[in-house]
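Have a look at the structure below, then the notes.
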């Protein structure tokens, strides 16, 4: 059974609060009504991955393409895994991930590979989490 964590440690908490306070860090088109973290899966996953040590963290990057799940769907959802644990900082609560088809997602690198994107780097710098 997959365990879902949305705020596994203080670093995750700080990243989530930063996005809530600075929703403009999300890419245009990903704004949602409600909690700003819901439109920030990519930057949250990427920033957390790098804050935890990047490729030395033991975390794996996953992308769920919604077109693989639903007909005529577009977009993707990014999250991290640590064995059977899903780490998704963009979910308000673990219960919000209970119906996500996690096993359809594919292991891959971020869009910028394993180098932080500008958005991620800006978040890491703002929180003094860059190394």
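Footprinting exposure proxy ranking of 22, 50, 77, fewest other C-beta atoms within 10 angstrom first, gives 22, 77, 50. The fewest-to-most ranking of 10, 17, 121 by surrounding Cβ atoms within 10 Å reads 10, 17, 121. At a Förster radius of 30 Å, what calculated FRET efficiency corresponds to the Cβ-Cβ distance of residue 65 and residue 93, to the nearest 0.05? Working from the Cβ atoms, E equals 0.80. With both partners inside the chain, how many of the DSSP beta bridges are antiparallel, as a percent to the nearest 5? Around 80 percent antiparallel, to the nearest 5. Subtracting the Cα-Cα distance of residue 9 and residue 27 from their residue separation scaled by 0.36 nm leaves 4.0 nm.
For residue 17 and residue 118, the difference between the fully extended length at 0.36 nm per residue and the C-alpha to C-alpha distance is 34.5 nm.
What number, in percent, do you get for the relative contact order of the range 3-126 if the mean sequence gap of Cα pairs under 8 Å and at least 6 apart is divided by its residue count? For the range 3-126, the relative contact order is 33 percent.
Put a dot 7 Å past the Cα of residue 104, heading toward its Cβ, do the same for residue 57, and the two dots end up 2.5 nm apart.
Once you reduce the range 35-59 and the range 79-131 to the center of their Cα atoms, the two points are 4 Å from each other.
No lab work stands behind these numbers, since they all come straight from the coordinates. All values reported here derive from a predicted model rather than from experimental measurement. Reconstructed Cβ throughout: ideal geometry from the backbone, glycine too, with neighbour counts over all protein chains shown.
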